[in-house]
């Protein structure tokens with residue numbers, strides 16, 4: 001009985017320590033590991049708008065669960081995940097260009113050169129649109145340095 005209690009205590013302590021470290025994820029996931037707040041990444045390309053996905057049609061990529069509005073969209077995603085998955089793991093593209101990992105508003109999106117970029121909100125997206133090429137170059141350069149850092153580590157005040 002003592003061994004069982006010790007193991008339970010050790011597991012609880014390990015979970016507490018792990019959670020306090022600020023889990024680092026290269027993909028922006030929310031509740032239940034769902035990416036893009038449950039929006040369909042393929043719909044941005046095929047419908048030119050943000051459409052919520054369904055728990056009925058899902059696929060996993062890089063540890064994140066993506067939802068889709070149809071089986072067809074799910075199948076397109078599975079056939080070419082690199083084409084449809086959002087850039088910078090679905091974190092705010094403008095934030096990445098500023099060395100930060102920020103959440104996104106799925107309605108604040110932009111497709112450039114066949115790639116999906118998401119932003120924190122429409123106001124940030126306006127700033128992003130002032131120099132997409134420049135911001136993409138900055139974000140591409142910075143992403144490899146922050147990709148595996150926790151959100152907290154990139155968003156601490158300087």
Q. Based on Cα positions only, what radius of gyration and what Dmax would you give for the stretch 64-111, in angstroms?
A. 12.2, 36
Q | Kirkwood estimate for the stretch 107-158, i.e. one over the average of 1/r between Cα atoms, Å | A | 12.3 Å
Q: Please express the Cα-Cα pair-distance distribution P(r) of the stretch 27-85 as a list of whole percents, one per 10 Å bin, running from 0 to the bin with the greatest distance.
A: 28, 63, 9
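With the Cα gyration tensor of the stretch 62-158 giving a ≥ b ≥ c as the square roots of its eigenvalues, does the rule (a/c under 1.5 for rounded; else a/b larger than b/c for prolate; else oblate) give rounded, prolate or oblate?
Working: a/c = 1.85, a/b = 1.48, b/c = 1.25.
Judged from the Cα gyration tensor, the stretch 62-158 comes out prolate (a/c at least 1.5, a/b above b/c).
The numbers here are math on the coordinates, done by the rules we state, and not lab data. Fair warning: this is a prediction, and the values are worked out from it, not measured in the lab.
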